[in-house]
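A.B. asks: Have a look at this one.
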Amino acid sequence: MPDSDPVELASAGPAGAAQPASPSPRWRALEGRAPTVFRVWSVLFDSRWLLWTLLLALVAVLLGTLVWLAGRYEASQVQGGLERDAAAAAGDIRSGLARNAQTLQALHSTSHNVTDWDSQAAQLLRDMREWLRLEWRDPGLRTIAVAETPYRAPVFERLGRAQIQPDLQLACAQARRLGGAAYSASYFLPQPDGMGMEVMDLCLPLVHAGEVTGYAVATYSLNELLVGMVGPQLSRSQQVSFNEPDGTRLALHGIAQRGSRTFSAQQLLDLPGTTILLRLDSWRIAPDLFPNVLTALVTAMSITLMVVLTMLVKDMRRRVQVEQDLADALAFRKAMEDSLVTGLRARDLEGRITYVNPAFCEMVGFTADELLGRPLPAPYWPPELAGEYQKRQEIRLAGQHTPPRDGFESVFMRKDGSRFPVLIIEAPLINAQGTQTGWMSAFLDISEQRRIEELSRASQERLQATARLATVGEMASLLSHELNQPLAAIASYATGSLNLLRNGDSDGLEGALQRIAQQAERAGKVIRSVHDFVRRRDQAREPVSPQALVEAVMPLVTLQARKLGVTVLTRLPAGLPQVTCDRTMVEQVLLNLARNAMQAMDAGRVLRPALTIQARRVRPGELGGKAWVEFAVVDIGPGISPQVRQQLFTPFFTTKAEGMGLGLSLCRTVIEQHGGALGFEPNLPQGTIFRFTLPASDTAPSMPAPAPITA
């Protein structure tokens, strides 16, 4: 370093700056001989101070980093040990709970009466402080025997065991499904002294010869569970707690907080029926820094020189690499923009176009040279809409209106004069300093979308027409099926009337003609009911007695029964309530079920066929607390095969040669529209029972009644 005054060196500067009063002769001679050397020396002088500054900063950073890493290493060691302790504690608790379950199982395997059970249970409660109460319950969860812990007052004395019965029922149901022990969710149990505790129940099914004969129930204290099953070496140095998955603390055991740094570890106890979080908390003081500082200082000083020497080389290489990356990024962005099918356009705050991508140029038919720098109005605006667009752009550029994020539709004009719709999405163009420099717009040509929407609209209209035709066909099918029975009855009565005329018996003629008129009126009602049914609206319903419904169909049932040799019985007890229903449709259901039963017995060649139509009042407790009347049609035919059961109510499925497959499907739909349900079951030892329910007239059911279990 030359023998120059630092003040003189610092005062050297550009022309016009303050010059030193008396520069040294040696420095003046050096400046006069070699101006270039002076400038190089000044640069090197400044660079040297810069390198020393960087060196000091690097040393400080290295020292701080090493000290921080040492502290992090110590903290990671403490955290790792705490995680291992938590895993070990969780394993101890799982093992302890399993042993307790085995002990409880052994209690019931050696105790066959209440006296022996009481004595052994009392001994277990003296040995296991975590158990507060043992119970022996029957399969219906009724208490057989109870034993309380001798270390405290009865735990359910204040709250009562009945308040916690639903949690116990859930745990026992889970235990029955698993075939082993299951636990209830933890709950708070207040005590007579004003305090309380968190407890949970263990339910163990008692199985004998493959069947559950009862349940063994043990009530755990979560706090005593921590005290008894977590090793004392953990509780002496850490705090152990049970928590809910959401963080709520249930039980706590161990030392109080000490130190300024907290370390925590958690383990999930996934027990059958419930989940509890085991948490260990440990407190430590901050680690000593003096030994780490000495080590870091020696290490940092040894690598400082190498770092400083390589900094300039790395900086140069980094600059070259950044320039190359920037060029690659620009090329990648250019290729991406050129491949887009979405048009992009950028404008400045005055509305001039500053950027367009190839997709936008292809969309409007203008080249980039024809668009860049063009002021408003734009050449792709239709002349008839240019004034409107001009006003909209002025409002936009003035910042008085923010475009919607979902875009807006507009109409553009191609260079050839053709118009096309576009969807425009605009956003402010913000530079690196956070200042808005213009607007960025994205354009989508939605001509194809509009064409597809028009095709979809036309297809929807055709589908609606097809649906109306299908409704007409459905109505025709329903009418043909439902009118078969009244028309067949009219034909039968007409034939009987002709026979009476030929025989000169005029006494029975009037009754037959009345029957014909009734069946004709019935056919009209069927047409109206089926028409209402197809239109999917509520039918006219009225209170009708079950006896009247059965008596209305008995003449038609009797006619076919005589033909097939079937004995028809009715069982209608007195005092049945009236039902609210569409009389015609429900009579049709009864008639369909009776005819199906007689035809099934005839096809099965039953020797003495018999058909029973019966009704009964359902007690409110059987079907959801509502008042219902259940009708049943019972036959002694061959029954229903397993292959037919799965498709019995499927429309157009039939086992008859001339059947249409709509009868049972319509019957079920009619009953469900009344709020009831239709089902079937075997009639042991032979035959089938079809049952359906209807609401009593004094009840308006809010939910459908469940049907008998389908066999």
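A.B. asks: With r defined as the distance between the Cβ atoms of Glu83 and Met195 and R0 fixed at 41 Å, what FRET efficiency is calculated, to the nearest 0.05?
C.D. replies: FRET efficiency, Glu83 to Met195: 0.80.
A.B. asks: Calculate the FRET efficiency for Arg450 and Val320 from the Cβ-Cβ distance with a Förster distance of 45 Å, rounded to the nearest 0.05. Write out the running numbers ahead of the final one.
C.D. replies: On the way: r = 52 Å, r/R0 = 1.16.
Efficiency for this residue pair is about 0.30.
A.B. asks: Right, next: Give the lysines reachable from Lys415 as a straight Cα distance under 29 Å; neighbours fewer than 8 places away on the same chain don't count.
C.D. replies: Partners within reach: Lys334, Lys391.
A.B. asks: Kindly state, to the nearest 0.05, the FRET efficiency for Asn113 paired with Arg616, given R0 = 35 Å and r defined as their beta-carbon distance.
C.D. replies: 0.20
A.B. asks: Under a crude label model (7 Å from the Cα following the beta-carbon direction), how far is Ala122 from Phe420 in nanometres?
C.D. replies: That separation, rounded to one decimal, is 9.6 nm.
A.B. asks: Taking the Cβ of Leu132 as the centre, find all other residues whose Cβ is under 14 Å away and add up their charges (Lys, Arg: +1; Asp, Glu: -1).
C.D. replies: Its environment carries a net charge of -2.
A.B. asks: Tally Lys and Arg at +1 and Asp and Glu at -1 over the other residues with C-beta under 13 Å from the C-beta of Gly679: what net charge comes out?
C.D. replies: Net of charged neighbours comes to 0.
A.B. asks: Packing-wise, with mean Cβ within 10 Å as the measure, how do 98-109, 356-367 rank, highest first?
C.D. replies: On the way: 98-109: 16.0, 356-367: 18.9.
Top of the packing list down: 356-367, 98-109.
A.B. asks: Turning to a different aspect of this structure: At a 10 angstrom cut-off on C-beta neighbours, averaged per residue, how do the peptides 272-281, 338-347, 587-596 rank from highest to lowest? Please report the intermediate quantities before stating the final value.
C.D. replies: Numbers: 272-281: 19.7, 338-347: 15.9, 587-596: 23.5.
The most tightly packed comes first, giving 587-596, 272-281, 338-347.
A.B. asks: Pulled fully out, how much extra length does the chain show between Leu513 and Glu394, if you take 0.36 nm times their separation in residues and subtract their Cα-Cα distance?
C.D. replies: That works out to 33.9 nm of additional length.
A.B. asks: Subtract the Cα-Cα distance of Arg333 and Glu672 from 0.36 nm times their separation in residues, and report this length gain in nm to one decimal.
C.D. replies: Gain on extension, Arg333 to Glu672, equals 115.6 nm.
A.B. asks: While we're here: Using a 7 Å offset from the Cα along the Cα-to-Cβ direction at both Ala98 and Ala386, what is the distance between the two label points in nm, to one decimal?
C.D. replies: In this crude label model, Ala98 to Ala386 measures out at 8.8 nm.
A.B. asks: Once the cut-off is 24 Å, how many percent of the Cα-Cα pairs in the range 111-262 end up in the long-distance tail?
C.D. replies: Percentage above 24 Å: 39.
A.B. asks: Measure off 7 Å from each Cα along the Cα-to-Cβ vector at Asp138 and Arg645, then give the distance between these two points in nanometres to one decimal.
C.D. replies: 3.3 nm
No value in this document is a laboratory result; all are computed from the given coordinates. Computed from a prediction, not measured in an experiment: that's the story for all the values here. Every residue, glycine as well, gets a Cβ built from its backbone with ideal geometry; the counts of neighbours run over all protein chains shown.
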